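The values are calculated or read from the model by the stated rules, or taken from the named source; none is laboratory data. Worth saying up front: this structure is predicted, and the values here are computed from it rather than measured. Glycine gets a Cβ as well: all are built from the backbone with ideal geometry, and neighbour counts include every protein chain shown.
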Amino acid sequence: MKRKHYLLGSSLITLVFLLTSCAGSVKSYSKPDLHIEKGRLGILPFSSNIPEVGAVVSDTIGANLLASGFDIVDRTHMARLLEEKDISHLEVDSPDYKKIGDVTNVRFVLLGNIAFSSATARVVDASTGETLIIAIFQPSKIIGTASAVDIGKSLAKSLGKKITKSTELQ
């Protein structure tokens, strides 16, 4: 029994190390003619094999976007509001974004996924379910210096630039 716990623990530690210690870059994409007005942005908990890593990345993105002047509804508050209405945030389809937007009073939803080989963050229009911006963190090597906080900051910086650029065009 101790051996199983040791193997599980060491596997999780290895996965966390490999995910959070990768140096890499972020690329973000949006429609060239994207024009959005600033509004409330709700952050859903990021999916990850290790929830703590997803929490660190999504919280870091939220903090950075808040510091940039965005109106943020954090992941904990979003999850609680959705849970009260019995709405799952784990498998979201386009029609679900409208429900999420109505229940949480947000105009945009930020969600993401943290995996071994990449991390993604998307900004979705809550009324249409359309992905407006996507940012992808790709590690350049397995052993490096980036942490989950660094990954979150990189994603936030890239998303912030895209959002700011699209709001300045109004």
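Brief remarks on what is shown
- Looking across VAL103, VAL124, one residue alone is in contact with a helix residue (DSSP H, G or I) (Cβ under 9 Å, 6 or more places away or on another chain) and crowded, with 18+ Cβ neighbours inside 10 Å. It is VAL124.
- Evaluation of THR76 against (1) β-branched (Val, Ile, Thr); (2) at pLDDT below 80; (3) surrounded by fewer than 19 Cβ atoms within 10 Å (Cβ to Cβ); (4) not in a loop (DSSP other than H, G, I, E, B) (one fails), failing number: (2)
- For SER58, the stated conditions hold: it is in contact with a strand residue (DSSP E or B) (Cβ under 6 Å, 6 or more places away or on another chain), over 16 Å from LEU132 (Cα atoms) and among the polar types (S, T, N, Q).
Yes/no per residue for (1) under 25 Å from GLU37 (Cβ atoms); (2) of a type in the set (Asp, Glu); (3) modelled with pLDDT of 85 or more:
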site: VAL92; (1), (2), (3): yes, no, no
site: PHE116; (1), (2), (3): no, no, no
site: ALA126; (1), (2), (3): yes, no, yes
site: PHE137; (1), (2), (3): no, no, no
site: LYS141; (1), (2), (3): no, no, no
site: THR145; (1), (2), (3): no, no, no
site: VAL149; (1), (2), (3): no, no, no
site: LYS162; (1), (2), (3): yes, no, no
site: THR167; (1), (2), (3): yes, no, no
